[in-house]
1. Select from region 99-138 those trypsin sites (Lys or Arg not before Pro) which occupy a DSSP coil region and have at most 14 other Cβ atoms within 10 Å, ordered by residue number.
2. Antiparallel DSSP bridges in region 1-111: what percent, to the nearest 5?
3. Efficiency by 1/(1 + (r/R0)^6): what FRET value for MET1 and SER46, r their Cβ-Cβ distance, R0 = 45 Å, to the nearest 0.05?
4. Excluding residues fewer than 8 places away in the same chain, name every one of the aspartates and glutamates whose C-alpha is closer than 17 Å to that of LYS117.
5. Report, in cubic angstrom per residue, the convex hull volume of the C-alpha atoms of region 133-173.
6. In nm, what is the difference between 0.36 nm times the number of residues separating TYR88 and VAL113 and their Cα-Cα distance?
7. Where does the chain land at 222 nm, in deg cm²/dmol rounded to the nearest 500, when only DSSP H runs of n ≥ 4 count, each adding -39500 (n - 2.57), divided by all residues?
8. Give the whole-number value, in cubic angstrom per residue, of the convex hull volume spanned by the C-alpha atoms of the chain.
Amino acid sequence: MKKRIVFATGNAGKLREIREILGDMDREILSMKDAGIEADIEENGSTYEENALIKARAAAAFAGPEDIVMADDSGLEIDYLNCEPGIYSARYLGEDTSYRIKNRNLIDRLEGVPDEKRTARFVCAIAAVLPDGRELTSRGVVEGRIGYEEKGNGGFGYDPIFQLPELGKTTAELDEEEKNAVSHRGRALRAMKEKLRKVL
Ligand code: ITT
């Protein structure tokens, strides 16, 4: 039977991307739910890395003895808004508020702000807890700008307002493979694969 990676996320958009990026690892990729793990995790860390570790450790407590347990904590940092919403990206304006409203609100808060001051980045920290208890973290970043309107139907969350100036597109206008090639999550997960290759 294939060894497993249990990914401690409830975010379907993340999970789709993660499955594609980790697809070459010869492991079965399961969400917490697939693995039958139900944990109500309080993300009370003050950095992406801390929160990713909190999620991975919480799920590892219920995972199988041979499972690698991973988690992703990520967010959008808008320079003009003092790096808001940052680690609070999922909770910004309320966890259940639609991204239509959240994205509209961020565009409104940047009204009149010129291109060069609309800089932003997506940040992703990945944590892994290994079967022997060792812990690893990695980070990936993608720099971009906040657009003037929502564009594209791909991705999830804040993707429709996050523009990549060199491609002239938002991350919601890329297909999954294109997004994973440049995204914070793609970068952090590829760095994690490298680290795992060295220690496993
Ligand atoms: P889990 O904790 O269950 O993994 P979550 O959505 O609560 O899911 P986070 O606390 O890490 O995850 O919040 C990340 C938020 O940052 C996410 O909900 C989006 O709003 C935003 N975000 C992160 N990566 C993104 C991406 O690739 N595209 C668009 N928005 C993203």
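1. Details: sites: ARG100, LYS102, ARG104, ARG109, LYS117, ARG118, ARG121, ARG134; in loops: ARG118, ARG134.
For trypsin sites (Lys or Arg not before Pro) across region 99-138 that sit outside H, G, I, E and B with at most 14 neighbouring Cβ atoms in 10 Å, the list reads ARG134.
2. Antiparallel bridges: around 20 percent, rounded to the nearest 5.
3. Efficiency, rounded to the nearest 0.05: 0.70.
4. LYS117 reaches GLU77, ASP79, GLU84, ASP108, GLU143, GLU149, GLU166.
5. For region 133-173, the hull spanned by Cα atoms encloses 90 Å³ per residue.
6. Residue separation times 0.36 nm, minus the Cα-Cα distance, leaves 6.7 nm.
7. -8500 deg cm²/dmol
8. Residue-normalised Cα hull volume stands at 115 Å³.
Rule-based calculations on the coordinates, nothing more; no lab input. Just so we're clear, the structure is a prediction, and the values are computed from it rather than from any experiment. FYI the Cβ positions are ideal-geometry reconstructions off the backbone, even for glycines, and counts take in every protein chain you see.
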